[in-house]
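**Q** Structure incoming, see below.
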Ligand SMILES: [Zn+2]
């Protein structure tokens, strides 16, 4: 799953990996509470469940071949 940094807005992958079924189970709210993550630029913020983004199904283009 991915997060969007609350400081700089960049999306970055987390080590959190859940099935959508689990993600949408409201009884599991607690596992998301108070988790902090650090974006690639070094901003550490706490995130809640609604902040997590599922991976898009399409692969991320690396954007380096066409410079
Ligand atoms: Zn950031």
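**Q** Any idea which residue in the stretch 1-15 is surrounded by the fewest Cβ atoms within 10 Å (Cβ to Cβ), counting only those that are within 16 Å of the ligand (Cβ to nearest atom) and assigned to a loop (DSSP other than H, G, I, E, B)?
**A** Residues of the stretch 1-15 within 16 Å of the ligand (Cβ to nearest atom): 2-14.
Next cut, assigned to a loop (DSSP other than H, G, I, E, B) only: 5-10, 14.
Values: 5: 20, 6: 14, 7: 12, 8: 12, 9: 9, 10: 12, 14: 15.
Within the stretch 1-15, the match that is surrounded by the fewest Cβ atoms within 10 Å (Cβ to Cβ) is 9.
**Q** Additional query: Can you confirm whether the stretch 16-30 contains a residue that is more than 15 Å from residue 54 (Cβ to Cβ) and surrounded by 15 or more Cβ atoms within 10 Å (Cβ to Cβ)?
**A** No, the stretch 16-30 has no match at all.
**Q** Hey, another quick one. Considering only the stretch 31-48, state which residues are in a strand (DSSP E or B) and either away from the ligand (no atom under 16 Å from the Cβ) or exposed (fewer than 10 other Cβ atoms within 10 Å of the Cβ) (or both). First the steps, then the outcome.
**A** First, the residues of the stretch 31-48 that are in a strand (DSSP E or B): 35-38, 44-47.
Passing the criteria: only 36.
**Q** To continue, here is another question. Which one of the conditions (1) at pLDDT 80 or above; (2) surrounded by 12 or more Cβ atoms within 10 Å (Cβ to Cβ); (3) more than 16 Å from the ligand (Cβ to nearest atom) does residue 51 fail to meet, given that it meets all the rest?
**A** (3)
The values are calculated or read from the model by the stated rules, or taken from the named source; none is laboratory data. As the structure is a computational prediction, the values presented were derived from the model and not from experiment. Neighbour counts run over all protein chains shown; Cβ positions are idealised from the backbone, glycine included.
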